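Working notes, structure below.
Just so it is clear, none of the values below were taken in a lab; they were calculated from the coordinates. All values derive from a computational prediction rather than experimental measurement. Cβ placement follows ideal geometry from the backbone for every residue including glycine, while neighbour counts extend to all protein chains displayed.
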């Protein structure tokens, strides 16, 4: 990623941010907007091209100024993730936002079983989003309804899992996997962890997630948020 102090603010530009753990995508946009306001750009547009959950890290594309017109185009790009998954248990959100619950069998699962499950779940298909997600239901976010004790009626969405690769498998010692996933926009890796668990006659949840690529933007070129704020502070406006 080319990111220097000589940025063309009037024409806009795209930032490849390495989103920190615990931050929402909106938090990152707000932080960058505040940094821009401090150097005099109070009305410039800022937006992200593809939400990343608070418990995930990695590539978050942030568009500045006229580059916000490219948000839809950038969101449509293929995504790549490295996901740490745990079998034999689950959570209400299918990640660590909620406490781990349940006790499902997992000692019967072999590496070969996992590889077969990954192949079965690869391709274009309908996927159920998590209840605790930002999906809108009648104008409200699903997670808002769930937190208020309601049961949102989630609808399956068409996604495409282009490729999955088993990077690490600790079975039979521990029910932990590391999987590289290449997928389409709108794919929930939390849902995928749950689906893999079910395919293995167990259950599963996401323990950690890093987005390593979004379209043409890779994590190897991503810049930490703190560094971006420092560079913006000393930017030459052209």
Peptides ranked, highest mean first, by Cβ atoms within 10 Å: ranges 162-172, 43-53: 43-53, 162-172
For region 79-214, what does the alpha-carbon gyration tensor say about shape, rounded, prolate or oblate, given a ≥ b ≥ c as the root eigenvalues, a/c under 1.5 as rounded, and a/b over b/c as prolate? oblate
Rounded, prolate or oblate: pick one for region 1-114, where a ≥ b ≥ c are the square roots of the eigenvalues of its C-alpha gyration tensor, a/c under 1.5 means rounded, and failing that, prolate if a/b is larger than b/c, else oblate. prolate
Multiply the residue gap between residue 111 and residue 174 by 0.36 nm, knock off their C-alpha separation, and tell me the result in nm, one decimal place. 21.5 nm
Relative contact order %, the chain, counting alpha carbon pairs below 8 Å whose residues are six or more apart: 31
Below 8 Å, C-alpha to C-alpha, sequence gap of six or more: please give me the relative contact order for region 79-214 in percent. 43
Compute the length gained on full extension between residue 125 and residue 155: take 0.36 nm times their separation in residues and subtract their Cα-Cα distance, giving the result in nm to one decimal. 9.5 nm
Any chance you could give the angle, 0 to 90 degrees and rounded to 10, that helix 25-38 forms with the longest Cα principal axis of the chain? 10
Quick one: helix 189-199 against the long Cα principal axis of the chain, what's the angle to the nearest 10°, folded into 0 to 90? 10
Can you sort 25, 214 so the residue with the fewest Cβ neighbours within 10 Å comes first? 25, 214
What ranking do 195-204, 54-63 get when scored by the average of other Cβ atoms within 10 Å per residue, highest first? 54-63, 195-204
